[in-house]
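The structure under discussion appears below in the form of structure tokens.
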Amino acid sequence: MTSVIADTPIASAGPGAHLVARARWRWPEVLLWLFAIALIWIAPSRYLLFNEIAILALLALSIDLVLGYAGIVTLGQGAFFGLGAYTAGLMAKHGMGTFPWSDPVLGLIGAALVAGFIGFLSSFLVLRGSDLTRLMVTLGVALIVQELGNKLEWITGGADGLQGVLPAPILGLFDFDIYGRNAYLYSLCTLFVLFVIARALVNSPFGLSLRAIKGNVTRARAIGIPVERRLVVIYTVGAAYAGIAGALLAQTTQFVSLDVLSFERSADALLILVFGGVGTLYGALIGAIAFKAMYDVLASATPEYWGFWLGLALVLLVLFARGGIMGLLRALQERFARPRAERT
Amino acid sequence: MPPVLETKALHKNFGGLTATNNVTFALAAGARHALIGPNGAGKTTFVNLLSGVLTPTSGTIYLDGTDVTRWPAHKRAGAGLARTFQINQLFADFTPLETIVLAMSQAKGIASRWLRPVGTDTSVVNAAADLLQRLMLADVMHLRVGSLPYGKQRLLEIAIAVASEPKVLLLDEPAAGVPESEREQILDVVAALPGEMALVLIEHDMDLVFRFARSLTVLVLGGVLVEGSPSEIVNDPRVRQVYLGELHVEGFSRPHTGAALG
């Protein structure tokens, strides 16, 4: 596996070492995950916030796979998020809170399958056309799904939302407590597992071929990469990820409203990714933390100015940190790493 | 021996403009063929038709005896047809090593693997490093492609195409824009390509053409004006009139040209 920890440069053991080294786990990554676990003891009263961050991070991660690695601009990830939320919500509701039908993990799988299937079907729409066309197509699909959610009242509960979502204990063992501690741990574990898979994916030959398509589609075709097939696969995977994020929200809040399909959520998640840094995976996590922390502090102090602060942050980011927070961190790391390298 | 690449009555119209006009063409395995013609003769359009970047209006293309006229570009590449581009088409954010590893992985059918990181398959990495060594790119193989000097990028353009060990390689002005001092490098690299690979060279530089080619096709206004050996082409009055007149006929009296013809 890839779980070898390395923070020292690789001694040159053949040209492959350079490539493999990039896929190794580094200390800052490990620290970030340990910190996420430690939050249980550091701030026991904020589980709900942490849970929300984990879910948003997963949604932003799903966009990073599609946009950051394959270059597909999308504003429709909220559709898959909502589909996942309703799927998991309905499974929990109609499973009557009994194992295994209301089991949350089964709900995640169901959500991934449904969202992934719809993602697969709609992927053929985003294959053709430029960035702008894709933006419009993804937005269009999201609006259709949203309207369906509203009209199919007998399934979704319409504007009243889906009531009576009572998932069984996780794997029949851990009940969702009222403080949200298990909910946060559950979301965090799900995020971690999916993150590890995404990390393997982007560092693999498959991930390299995605970056090639994003970098130069003419050349990608000329070396024989089946561009369309690759894009269908990653769009489907991204949709499944977003579906799982939606399922987590439905299960941990035990309620699904039409709001899960809203355009704002897609836009927020895209914004979070840009804040954190596109095409880095960690940008999704750090962006979600920064966004929610900012919201928590600013919106509770002066809720009417939230839009102003968000806009200001965006403008500053575009002016001074194109690569987002990850870009800033990387620039800092290079500044400190260079003198050290010169001495040796 | 049957031709490895063949076209029959190939046409391409862009609206009212005929860019490729009734081109029937055959390329034998191991050929060293040059495609020449004045600006706007339709050389690049022809290469784009062969490689699948464009779809012909009518006519047929055979690769190794198979009709590939309707095949998409990536499928033709998989069947052994590689090309370089007149204007670099590279992955700017990759390193040369990553670029070649990807091209080789794709050719071996392992580029869809997703569990293990790039570089764990040492046979691919070593083969890629070998190729970069041969193409004088070993010293820059870990640098960002976008930061490489132009001459190195041109070499990489050839390296990517060669990485899949194609049967046919289309070289679209490999030395275009390369400063005089680095031209020799490109020439040496092209000369050292495996003998069994069929090469088609599009080039404006007549020195390069006559040092390289054992056969030529002259394209004018999208159609084939004449085909033949270098000496036949040089002595063809139509070629002199239509094409060479533009490129200074005296270029052909240079001593090394005579040597190449002999």
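Results, tabulated for the structure shown:
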quantity	calculated
Most mobile of A:G78, A:G327, A:G68 in a GNM of chain A (Cα contacts under 10 Å)	A:G327
Residue (of A:F80, A:F308, A:F275) at the positive-pole extreme of chain A, dipole from beta-carbon charges	A:F275
Solvent exposure, largest accessible area first (probe 1.4 Å, DNA, RNA and ligands not counted), of B:R144, A:R265, B:R32	B:R144, A:R265, B:R32
Apportionment of accessible area to carbon and sulfur, chain A, percent (1.4 Å)	69
Local electrostatic count, B:S215, Cβ distance below 15 Å [Lys/Arg +1, Asp/Glu -1]	-2
Largest to smallest accessible area among A:W27, B:W71, A:W41 [probe 1.4 Å]	A:W41, A:W27, B:W71
Assigned charges on the beta-carbon of Lys, Arg, Asp, Glu; the range A:43-262 dipole about Cα centre (debye)	940
Helical contribution to [θ] at 222 nm, DSSP H n ≥ 4, -39,500 (n - 2.57), averaged over chain B, rounded to 500	-10000 deg cm²/dmol
Chain B, dipole about Cα centre (Lys/Arg Cβ +1, Asp/Glu Cβ -1), debye to the nearest 20	640
On Cα atoms only, tilt of A:263-276 relative to the major axis of chain A in degrees	20
Solvent-accessible surface (1.4 angstrom probe) belonging to B:V190, in square angstrom, nearest 10	10
Loop-located chymotrypsin sites (Phe, Trp or Tyr not before Pro) in the range A:135-178 whose Cβ has at most 15 other Cβ within 10 Å (DSSP)	none
Within a Gaussian network of chain A (alpha carbon springs, distance under 10 Å), most fluctuating of A:L106, A:L270, A:L285	A:L106
Occluded residues from the range B:52-70, i.e. those whose accessible area drops by 40 Å² or more once the chain is not alone (1.4 Å probe)	none
Loop-resident sites, the range A:91-196, for trypsin sites (Lys or Arg not before Pro), counting at most 11 other Cβ within 10 Å (DSSP)	A:R128
Accessible area (Å², 1.4 Å probe, nearest 10) - A:M326	30
Beta bridges per DSSP with both ends in chain B, % antiparallel, nearest 5	55
Where the protein assembly as shown is the region considered: accessible area per residue in Å², 1.4 Å probe	45
Interface burial for B against A (accessible surface, 1.4 Å probe, total of both chains, Å², rounded to 100)	3000
Helix A:131-151 axis, angle to chain A major axis (alpha carbon atoms, nearest 10°)	20
Helix axis angle, B:150-163 relative to chain B longest principal axis, alpha carbon, degrees	80
Probe 1.4 Å, all protein chains present, accessible-area order of B:I61, B:I87, largest first	B:I87, B:I61
Nonlocal amide H pairs with B:T20, under 5 Å, H built at 1.01 Å	B:K12
Most fluctuating residue given options A:L194, A:L328, A:L152, as computed from a GNM of chain A linking Cα atoms under 10 Å	A:L152
Dipole magnitude of the protein assembly as shown about its Cα centre (Cβ charges: Lys, Arg +1; Asp, Glu -1), debye to nearest 20	440
Most positive-pole-ward Cα, A:L210, A:S102, A:T133, against dipole of the range A:43-262 from beta carbon charges	A:L210
Rounded to the nearest 10 Å², the accessible area of A:Y184 at probe 1.4 Å	10
Value of [θ]222 nm, deg cm²/dmol, for chain A, DSSP H segments ≥ 4, -39500 (n - 2.57) each, nearest 500	-22500 deg cm²/dmol
Filter on A:K151/A:K292; A:K214/B:K75; B:K108/B:K152; B:K43/B:K167 - keep pairs with C-alpha separation over 30 Å	A:K151/A:K292
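The values are calculated or read from the model by the stated rules, or taken from the named source; none is laboratory data. These numbers come from a predicted model, not from an experiment. Ideal geometry is used to build each Cβ from the backbone, glycine not excepted, and the neighbour counts take in all protein chains shown. Keep in mind that these areas ignore ligands, DNA and RNA; they rest on the heavy atoms of the full protein, side chains included. Shrake-Rupley method; radii C 1.70, N 1.55, O 1.52, S 1.80 Å.
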